[in-house]
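Colleague: Next up is a structure, given as structure tokens.
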Amino acid sequence: MEPHVTFQPRASAPVIPERWRTGSSTLRGRLRSDWYLVLLLAICLGRMWVMPLPSSFWLDEAATVMLAQHPDDASFNVAPQLSATIYNSLPRAVHLMVGDSEIDYRLPSLILAALALWIIGRIAARLIAPEAAWFAVFACLAIEDFDFFAIDVRPYALGIFVVSASIWMLVRWLDSGKWLDAAFFALFAGLLWRVHLAYWTFYPVYLIYALVRLAQRERRATWIQGIAVFAAVGVSLIPVAFDALALFHNAGTHIVAPVTSGRYFVTTLAWKQIAGAFAGALAAGILCRRQHADRPAATALALVALWWLGMPLLLFGMARLSGTGIFLARYSSPALPGAALAATAAAAMFLPRGLWKPAGAVFALVALAMAGRWEAVWPVHAKYEDLRSMASLADFAAAKPDTPVLVLSGFVEAVRPNWTPDYKVPGFLYCQLYVYPVQGRIFSLPFSTGPEDEAYLKHLTTETLSVGDRFVLYGVGRNASLWVNYLRKLPELAGWQMTYKTKGELLVAVFDRFGLSGIDDEAF
């Protein structure tokens, strides 16, 4: 009889925790146990990401579409920053291989944002609490800007994905000390500045967190690794730095936003979601006598705080010091996952350990309430710049192919010498006409007028506008109402009737000699 032998695993074999061996730990088991969270996620994504996909492009998206279809168009030379991103390869590939609809162009951003959601959930489970992933995902969806960028035909979803992946690899590398994790971190960190020139402001987050972790004992990465990895990232960014410096000297000419106010800055920090998560967790903790809360480590809280506040604070400080409007919510979009993780960390202060998934379900309902766009049955992507509907209105108002249509550019670059009366329309400065054409005799107007434009405007008024019976103004941007007032005061148009329709920052105005067939709600 052979002796009984007990199998002993090799010392090098990983010890698998018991909870990982159970069927509920498999993907299928988790989906079954979390079915209500999966359902809520599908509802949230369907409402906030999928339903707006077919809606109109807004102005910057229209520029991206035109650039994807005509990358060598000379009109883009006035805004070289539009071409300074690796993102442009995605809409260009869509144009060549898939199609040209709004849905087609938005799919890459949607896929990247979905991948970022998964990574953010993994980071929350690693840094905050093992069961906090769902809560962090729904905290992201409760931030309206996050949902907007998730389907925007601009680089912001790519930036959110790259930042999330780089942070995930940074944490893994510092925990494991593996060169493969370090290489992936260096890869994603090297890509970030190539996504958008304003994203250099995120690099201090990497450096400060790495220094904090390397100064502690709870890590396997070494100082030698740290120096080598960050040196590699720095070397990879040298070409980008030269390109950025070449564009820096005239960066102010591409900024149209007013000087950033403190109130606007605070609204970008998603403080309502964070405060709500903290208050809800506090109430749950009091009801459950604050038992067994998963309180994150100090280093985890430091990373979350840096991710949430570091980039916005740096951009806001630069805006205030320079007196320019360089701080825009989209320029600090990589910080949005940090805001969601801050909400998750705030909840972890008091939320009892077994309530993470029910709390995630509650936050899903909060996300639907706060970011569901319930003012409309079918939500639109950019409610303030619905170019398609306003172009249709301008097309309807023109009525005849020979009706003069004055088109105002929404880009600050549309001034002399970039703009002249013989500017070839559509071109970049009037890309809205490329995506959504309007009938009529098109006359371009600059973003703002100077003394040298007065002769052109007088000639246009006396020789074209006042000779006929009707003309249309199609305005994009904040100066549209100024142009309406300017035209109404012209003596050549005295006695003309004017009707108009606005939608966010878009305006269509009809000037008619006899006040016939103006714009009304039925026509719109």
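The values are calculated or read from the model by the stated rules, or taken from the named source; none is laboratory data. Predicted model only: the values in this text are computed from it and were never measured. Using ideal geometry, Cβ is built from the backbone for each residue, glycine included, and neighbour counts are taken over all protein chains shown.
Colleague: When you go through (1) over 22 Å from L117 (Cα atoms); (2) in a helix (DSSP H, G or I); (3) not aromatic (F, W, Y) one by one for A221, which number turns out not to apply?
Modeller: Here A221 meets the rest and fails (2).
Colleague: Got a number for residues in segment 478-514 being part of a strand (DSSP E or B) and among the aliphatic types (A, V, I, L, M)?
Modeller: Within segment 478-514, residues that are part of a strand (DSSP E or B) and among the aliphatic types (A, V, I, L, M) number 6.
Colleague: Tell me, which helices (runs of 4 or more DSSP H) lie completely within segment 386-472 with 1 or more residues that are surrounded by fewer than 21 Cβ atoms within 10 Å (Cβ to Cβ) and of a type in the set (D, E, K, R)?
Modeller: Because the criterion is at least 1 residues that are surrounded by fewer than 21 Cβ atoms within 10 Å (Cβ to Cβ) and of a type in the set (D, E, K, R), the helices (runs of 4 or more DSSP H) in segment 386-472 that meet it are 387-398, 454-460.
Colleague: Testing A340 on (1) closer than 22 Å to A116 by Cβ; (2) out of contact with any Cys (no Cβ under 7 Å at 6 or more places or on another chain), one condition comes back false. Which one is that?
Modeller: So the condition that A340 fails would be (2).
Colleague: Any idea which residue in segment 254-293 is modelled with the lowest pLDDT, counting only those that are of a type outside the set (S, T, N, Q), closer than 30 Å to E218 by Cα and touching a strand residue (DSSP E or B) at 6+ places or on another chain (Cβ under 9 Å)?
Modeller: So the residue we want is R290.
Colleague: Based on this model, can you work out whether A165 counts as modelled with pLDDT of 95 or more and within 22 Å of R217 (Cα to Cα)?
Modeller: It is false that A165 is modelled with pLDDT of 95 or more and within 22 Å of R217 (Cα to Cα).
Colleague: Determine which single condition L336 fails, assuming it passes every other condition in (1) of a type outside the set (V, I, T); (2) under 17 Å from the mean Cα position of the chain (by Cα); (3) under 30 Å from T502 (Cα atoms).
Modeller: Single failed check for L336: (3).
Colleague: Here are some conditions: (1) of a type in the set (D, E); (2) in contact with an Asp or Glu (Cβ under 7 Å, 6 or more places away or on another chain); (3) farther than 17 Å from D145 by Cβ. D395 meets all but one. Which one does it not meet?
Modeller: Unmet condition: (2).
Colleague: Let me ask something else about it. Anything in segment 357-401 that is under 30 Å from I286 (Cβ atoms), within 28 Å of the chain's Cα centre (by Cα) and of a type outside the set (A, V, I, L, M)? List them, or say none.
Modeller: K357, G360, F363, G372 - these are the residues of segment 357-401 that are under 30 Å from I286 (Cβ atoms), within 28 Å of the chain's Cα centre (by Cα) and of a type outside the set (A, V, I, L, M).
Colleague: Picking from R488, R478, R441, which residue would you name as being under 40 Å from the mean Cα position of the chain (by Cα) and modelled with pLDDT of 90 or more?
Modeller: Of the residues listed, the single one that is under 40 Å from the mean Cα position of the chain (by Cα) and modelled with pLDDT of 90 or more is R441.
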